[in-house]
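Report on the following structure.
The values are calculated or read from the model by the stated rules, or taken from the named source; none is laboratory data. The shown structure was predicted, so the numbers you read here are calculated from the model rather than taken from an experiment. Ideal geometry is used to build each Cβ from the backbone, glycine not excepted, and the neighbour counts take in all protein chains shown. These accessible areas exclude ligands, DNA and RNA; they are computed on the full protein's heavy atoms, side chains included. Shrake-Rupley method; radii C 1.70, N 1.55, O 1.52, S 1.80 Å.
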Amino acid sequence: MRVFWMAVLVLTTLLGGCDYFARRDLQPGVSTQADVRRYMGTPEIIWEEPDGSRVYEYVRAPLGHETWMVLIGPDGTYQRMENVLVPARLAKVSAGQSRDDVRRYLGKPTEIEYFERRNEEVWSWRHKGEVWESAMFHVYFGPDGRVLRTETMRDPRLDNAS
């Protein structure tokens, strides 16, 4: 099993290399959205902003530890990119936010589950935690589609990796 996870790590590093080169080579205000797509590929979704800019969302699989939001200005040029699955950003998700707000803020969840007895839907994101090398961030939604609470825990896959 350890060999499997090492192979996944190597594959992820190779695939994630595109992000490394994009961060290194894309120039704010100079590089175009075509340059972004050449480095990063097709986005998961494109978010349209009121000012005419767009945000390209890139979810990195298979481990999914990163979700990159890439800002394209109204003029079609690259402005910046940010990994949104970081502890400081996760900490800003709070009770009362809507599903749409959380989806837009953190990107596509790694998993979605529904717990009928509690009448809760749970969205989970795998990320690089502060304490564990891989952690899960869970957002619990009530029947009204609003955040009830959040929780961060060790990635359960780590228990099976040894």
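Show the residue pairs meeting these rules: Cβ distance below 8 Å; 6+ apart or different chains; first residue within region 76-88 and open to solvent by 20 Å² or more (accessible area, probe 1.4 Å); second residue acidic (D, E) and in a loop (DSSP other than H, G, I, E, B). Short answer, once both residue conditions are applied: P87/E130.
For every residue, the table says whether it meets (1) assigned to a loop (DSSP other than H, G, I, E, B); (2) in contact (Cβ under 8 Å) with a residue 24 or more places away in the chain; (3) open to solvent by 60 Å² or more (accessible area, probe 1.4 Å).
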residue: S94; (1), (2), (3): yes, yes, no
residue: D101; (1), (2), (3): no, no, yes
residue: Y114; (1), (2), (3): no, no, yes
residue: V122; (1), (2), (3): no, no, no
residue: F137; (1), (2), (3): no, yes, no
residue: T150; (1), (2), (3): no, yes, no
